[in-house]
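Before any comments, here is the structure.
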Protein chains: 2
Amino acid sequence: MQSKNDIESLVMHFGEMGSRWGFNRTVGQMLALIVLTEQPLNADQIAASLGVSRGNVSMGIKELQSWRLIRTQSQPGDRKDYFVPNGSIWDLAMQVMIERRKREMDPTLSMLRSHIMQADSDDQSYALSQMQQIHDLLEMFGRWFDDMQKLNPNQLQSLLKLGSSVGKVLDMKDRLFGSKD
Amino acid sequence: MQSKNDIESLVMHFGEMGSRWGFNRTVGQMLALIVLTEQPLNADQIAASLGVSRGNVSMGIKELQSWRLIRTQSQPGDRKDYFVPNGSIWDLAMQVMIERRKREMDPTLSMLRSHIMQADSDDQSYALSQMQQIHDLLEMFGRWFDDMQKLNPNQLQSLLKLGSSVGKVLDMKDRLFGSKD
DNA sequence: TTGTATTTTCAGAAATTTCTGAAAATTCTA
DNA sequence: TAGAATTTTCAGAAATTTCTGAAAATACAA
């Protein structure tokens, strides 16, 4: 059975990467374990698999739920909570992006917004102009990201696969209908 | 002079956000300070501004340079190194995305690749199929990201501003030329 | 209700990351 | 080349984050 070792090494890898993705080692390992295991797992099984304390698993579950990456699935005839991924791989990836946008961009955007609003209207300082540029860029990315979520998954996938040839399509559109910017 | 306090509070904010963006507090503060200050700054000035040790600033500079976010600019008649942002706000944002992709996606992609290659060809395990899906998704995003960088900044900006109406443009293209997927 | 199974909480311990500051290394000038 | 200016390094200290495990809280069954 090769896949046991496969799972184990990917779980370790997700642990190491965890902190780069916004959670800690245990949470990363838990996510990998739940995603790679076909059967729903309960907290004791997770703790035993990863060799960490029950309390740590409880905190990790809370974290993964706050990211909307896992959900409970009750098993008939068992009072324990069992956990499964909250959707397909695609769904999980989208969810990670949504949450990271919330945690990494939104606070900065609103801080910049309030600074810019409070500025004197005759303030032409370099710092303010830089803030304005950061703000505009973040806002543009945010809007674009919201818009992408409105596309249906098929449109989104075909856009992703289109890659840089989207440039040609855009040029074509502009030739046919004129550019507004 | 309002902008002094503006700078200070944004520097503090970038410090707090730093760890979410992949660096530590001091590095985040240094980046904000350099980006918001019109004049090039030397290491002593940065240390004094932020109230941290000279050694810490030296390490922070190395880090920001490894992200290609700052560069030196020599001041005539001064032997000290002076630092400035390595390009426009847009350039810096792109650079952060490029580096994060390198640090957050590439290692996982190559680990998955090697697992999948080594798998027995008759392995139909759930875990392997999940790994394959994660791999394909990461690869698609990576390719798309590379492709986006090939667009010129104007095309890229117009794509961003187009938002979800890109769906309509895609549908139009498919009607005119047929869909390949 | 009472007792049992299960989950959560959280104080302190352990692990990890960040920071300091003095010494070493490097770079430049004369 | 010597010596002054500047930068880097890195061992240990400080700060922060993560983890444990026992106690408290909650949920359920009889």
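Closest approach of any chain A Cβ to the axis that rotates A onto B belongs to A:169, 3, distance given in whole Å. The range A:46-60 and the range B:111-181 have Cα centres lying 35 Å from one another. In this view, the solvent-accessible surface of residue A:13, computed with a 1.4 Å probe and all protein chains in place, comes to about 20 Å². For residue A:76, the distances from its label point to the matching points in the remaining copies are 8.6 nm, ordered from shortest, with each point set 7 Å beyond Cα toward Cβ. Annotation: per residue accessible area for the range A:59-181 equals 58 Å², rounded to a whole number [probe 1.4 Å, protein chains only].
Remark: accessible surface ordering of A:101, A:79, A:20, A:68 (largest first) is A:79, A:68, A:20, A:101, probe radius 1.4 Å.
Here the range A:69-149 is described by how far its Cα atoms reach on the three principal axes: 70, 24, 14 Å, from widest to narrowest.
How large is log10 of I(q)/I(0) for the range A:1-105 at q = 0.13, 0.19 Å⁻¹ when the intensity is taken from the Debye formula with one equal scatterer per alpha-carbon? Log10 I(q)/I(0), no solvent term: -0.45, -0.96.
Relative to the other identical copies, residue A:94 shows label-point distances of 2.9 nm, where the label point lies 7 Å from Cα along the Cβ direction and values run shortest first. Where Rh denotes the Kirkwood radius from the mean inverse Cα pair distance, what is Rg over Rh for the protein assembly as shown? Using Cα coordinates only, the ratio equals 1.01. Expressed as a whole percent, the accessible surface of chain B that belongs to carbon and sulfur atoms is 48, based on a 1.4 Å probe. Mean-square fluctuations from a GNM of chain A, with a 10 angstrom spring cutoff on Cα atoms, peak among A:73, A:133, A:118 at A:118. Loop-located GluC sites (Glu not before Pro) in the range B:1-90 (DSSP state not H, G, I, E or B) with no more than 11 neighbouring Cβ atoms inside 10 Å: B:38. Two tests apply to each whole DSSP H helix in chain A, Cα reach of 24 Å or more along its axis and mean Kyte-Doolittle hydropathy of at least -1.0, and the ones passing both are A:126-150.
Determine the calculated [θ] at 222 nm for the protein assembly as shown from helices alone, applying -39500 (n - 2.57) to every DSSP H run no shorter than 4 residues and normalising by the residue count; nearest 500 deg cm²/dmol.
On the way: 18 runs with 242 residues, N = 362.
The helix-only estimate for the protein assembly as shown comes to -21500 deg cm²/dmol at 222 nm.
The values are calculated or read from the model by the stated rules, or taken from the named source; none is laboratory data. Everything quoted here is computed from the prediction, not taken from an experiment. Glycine also receives a Cβ, built like all others from the backbone with ideal geometry; neighbour counts cover every protein chain displayed. These area figures cover heavy atoms from the full protein model, side chains too; ligands, DNA and RNA do not enter into them. Shrake-Rupley method; radii C 1.70, N 1.55, O 1.52, S 1.80 Å.
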